[in-house]
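Let me begin by presenting the structure, written as structure tokens, before commenting on it.
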């Protein structure tokens, strides 16, 4: 069984600063890390691997320095990893990203299951998973919160859709996207981490593809959307009444009243 | 409390800031010690009054008045103390400093921060997040703790191996003496790195547990924020081996930010208590080593050496957390150990021994456990030689051997060159064990200092120091 | 590819159990605004079992409703929906496609976009037409800290929009239009099977009248027990800001903000929530916002009707007491 885990290098969101007045993102002080949702995807793959003899491959697209996340995935238990990196891949929107990922998965071949995080913390779109499934011609289940049954032919999972939680079954080959609620990702072993730091990460550029990929469909060229500009929104204002320490008693009385006025209105 | 006292206090701080509501008075009179070690901690008396002054000037007036009328005063911070440090034993003025809660200045040129006394550790961490380069390394535990309280108690906690304890961070201090004078140490701005003018009274006030003065303002050192951090979790089958590892790591010239020790049952309880999972499934006891370095390469070089040392002493598979979220997770679990096990424990002494004696101390603890036919789990800031052996309840009660066991836990520490309190302070809980460590003469000079500051014994009486007769 | 080839605004009208979801009416409202600028028709695509009141979509502004009837649409099967939608879109060639960013819409729309080889912009908070007649799509990104303005260079231009982002098109029973009933062009395949509906979502933050929410200031998972007590007292539910979901104290169904639920309760009580723009975006429709925070400079106070500067662990127990007290007095 072969499982692909899609991962992405993202800035450490806690340290990214957003300048409201100048409308810019300052990533200077932020490091990079593996997209947190992708760790849940990897953990799911590793749990499946514990049940069956599966091969887990981490796949990412990004600049050369994104090889760090591939190493990270291997240190956490992935068997192998591939970084898709080429100047021509840059500027990709979700469509071009999904197209390239699907091409790479095709090239890897004989893949049974693709697992992705529900979204990335910098893009926030949650689109790449389902788009990749479409380009691969595979079925998908999004927002998986639980793996119920793991077999060599199919998975049954729980995922919220419409107004409830559904139990769904997906036959291989297929793709799932997973939420944070699914599991607690394991930490890497120091020993593996030290080994993998020295190792070379396999990298594929545009020249490594043959028929699996049309160069017009990747990077900026293959993107259907363009960002015109960005702005950093400032907080909305409302006229407010404030109480501080010494007026706590008064505040409690008044707020309790407000809460109950609602009650009466409601009934 | 008499009506005229209340009236006078209201005159000083304003009527909004004096509170005699009996429920709130009791709640202000209690502290974390009452929750953590409820069976052996004194209950506060009723009848105190809470006063919340606006600043040093009002504190001075309250103290002057109290000193004149001989009313006891308990300085009150966040109540996160753990040795019965601020529990009134007779009706007192509970002097809550909560309104002095501003961060005054982050001084990037001098690498220092000035704050009022009630700024919490959490506030400080939050404020420094805005700063790319500087940070405050210590993390004694509860982020609700106030800086003034942390100074008064000379707190230590988890991340003290590399940069030391609170005492090592304070460069300036303002306090109000029990007699009502406002004093400040460390030069006009409290930002001197060298200062030899007279006795170092600032260091005397640090760790004086609110018995010599009320701290109102503190200047703390800041440090360049390390670029690369990582947290190792090292599992062991035998706890002796864990403690053996500590001096070996330091001997290699590796000074981590923290070396913590904990045991499976306690750390899993703590994780569960906050809805998390302890990452290691192996072993019965763990070292948690936090590395903080300038470069990732340096970090891994050191981690590698630590890995080799651990392998020699028979540790299991070492895990490493590198993402902020995962490291934070582990630290949060560690910080939650005490509240998580509060129901199971009677007490947890706070001994420190030289780091080279850790393994030997553990052997003696094991012998004690055997002698009393019990278990003595340990949590420890192992890198500092600071241990908290745990005395467990038996069928929900204080065991009959409690006093004896506790004394022996201290006794063997002192014999190995240790102390009866490494970080939590003397408070009321450890007063009677001070003579194990301090001579008559040493205790007497301490009491003379107390008398010099507080001739009428109004400030936080019955804590930290005792009157010793000739 | 020229613009003339593509004409009209296509709204995917999501239904659940035969009931049209309200997000569809919100999309129709925006569609009407855009159609006025572009001078084009509005199509609604309703895929569902027989017996749905498709005319409701006409009363909400659709000019033509394409109603694909099949019992199999009673199940949330993205693949089956996708295949049939793509055929319909190929036939109609709309210039704009709007889909509600519900769980289902967010899972379905990317597949449709990929199948059409066109761009898709997720979770738009605003849609406008520029002078050249292109759709300008505004959306939050970077964990909702920024707003990006996006255009699509291919056709159709596709966007998803969060539930409760736009107001509903008012119902007007006099409006006329055409309902075209069709059979699905593709059959359901078996690569994904919907086995069963396990449970309806228990909490319904979006519909609650009172929401008591916690943020970073709550510091421990157990703090939500306190919030739950207040919520129960007031007949409401608890919720949380994104930080809380990210650290795992509560699951995603409690999340309020851009990427969580937009709520419009009568009373919203924010406890230890600093009030980052992404959170505020989810609560701006609340009638009354009450904020409790230790930091008097927290931005939440700028959007609150009532602010209490204080520790939630001190304020809330007293608030609970007071409410209990008042109730006793009333009885």
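Any read-out appearing in this document is the output of simple, stated calculations on the displayed coordinates, not a laboratory observation. Bear in mind that the values here come from a model prediction, so they are computed numbers and not experimental data. Neighbour counts are summed over all protein chains in view; Cβ atoms, including those assigned to glycine, are modelled from backbone coordinates with ideal geometry.
Remarks
- For residue C:87 and residue C:171, the FRET efficiency from 1/(1 + (r/R0)^6), where r spans their Cβ atoms and R0 equals 30 Å, is about 0.50.
- Within 10 Å of each Cβ in A:12-21, the average number of Cβ atoms from other chains: 4
- Shape call, region A:2-217: gyration tensor on alpha carbons, a/c limit 1.5: rounded
- Largest GNM mean-square fluctuation among C:156, C:41, C:299, using chain C with Cα springs under 10 Å: C:299.
- Nearest-0.05 FRET efficiency for residue C:297 and residue C:53, computed from C-beta distance (R0 45 Å): 0.30
- Spin-label model distance (nm) - residue A:17 vs residue C:117, 7 Å beyond Cα toward Cβ: 4.5 nm
- Between the Cα long axis of helix C:22-38 and the first principal axis of chain C there is an angle of about 60°, rounded to the nearest 10.
- Compared with the dominant principal axis of the Cα atoms in chain B, helix B:358-371 is inclined by about 80°.
- For a modelled paramagnetic label at residue B:135, 7 Å from Cα along Cα-to-Cβ, the residues of region B:87-127 in reach, with backbone nitrogen under 12 Å, are B:125-126.
- Residue among C:196, C:151, C:56 with the largest mean-square fluctuation in a Gaussian network model of chain C, springs linking Cα atoms under 10 Å: C:196
- For chain C: relative contact order, % (alpha-carbon pairs under 8 angstrom, 6 or more apart): 14 percent
- Note on region C:205-330: antiparallel DSSP beta bridges, both residues inside, total approximately 0 percent of the bridges counted.
- Computed over chain B: relative contact order in percent, which uses C-alpha pairs under 8 Å that are six or more apart: 16 percent
- For region B:369-443 versus region C:252-331, the inter-centroid distance based on Cα atoms is 45 Å.
- Cα-based shape type of chain C, given that a ≥ b ≥ c are square roots of the gyration tensor eigenvalues and the cut on a/c is 1.5: prolate
- Here the relative contact order of region C:165-257, from alpha carbon pairs under 8 Å that lie six or more residues apart, stands at 24 percent.
- For chain B: rounded, prolate or oblate by the Cα gyration tensor [a/c cutoff 1.5]: prolate
- Largest GNM mean-square fluctuation across A:223, A:29, A:90, computed for chain A with C-alpha springs under 10 Å, falls on A:29.
- Counting Cβ atoms of other protein chains within 10 Å of each Cβ in C:245-254 and taking the mean gives 5.
- Highest to lowest packing among B:393-401, B:431-439, scored as the average C-beta count within 10 Å: B:431-439, B:393-401
- C-alpha center-to-center spacing [region A:118-197, region B:114-133] in angstrom: 39 Å
- Folded to 0 to 90 degrees: helix A:94-108 orientation relative to chain A principal axis, Cα: 30 degrees
- Efficiency of FRET between residue B:168 and residue A:250 - r from beta-carbon atoms, R0 35 angstrom, step 0.05: 0.20
- Eigenvalues of the alpha-carbon gyration tensor of region B:311-470, scaled by 5 and square-rooted, set the equivalent ellipsoid semi-axes at 32, 20, 18 angstrom, largest first.
- Computed packing ranks the peptides B:207-217, C:227-237, B:371-381 as B:207-217, C:227-237, B:371-381, most packed first, by mean other Cβ atoms within 10 Å.
- With a 10 Å cut-off around each Cβ of B:267-275, the average count of Cβ atoms from other chains is 2.
- Taking a point 7 Å from the Cα of residue B:57 along the Cα-to-Cβ direction, none of the residues of region B:88-104 has its backbone N closer than 12 Å to it.
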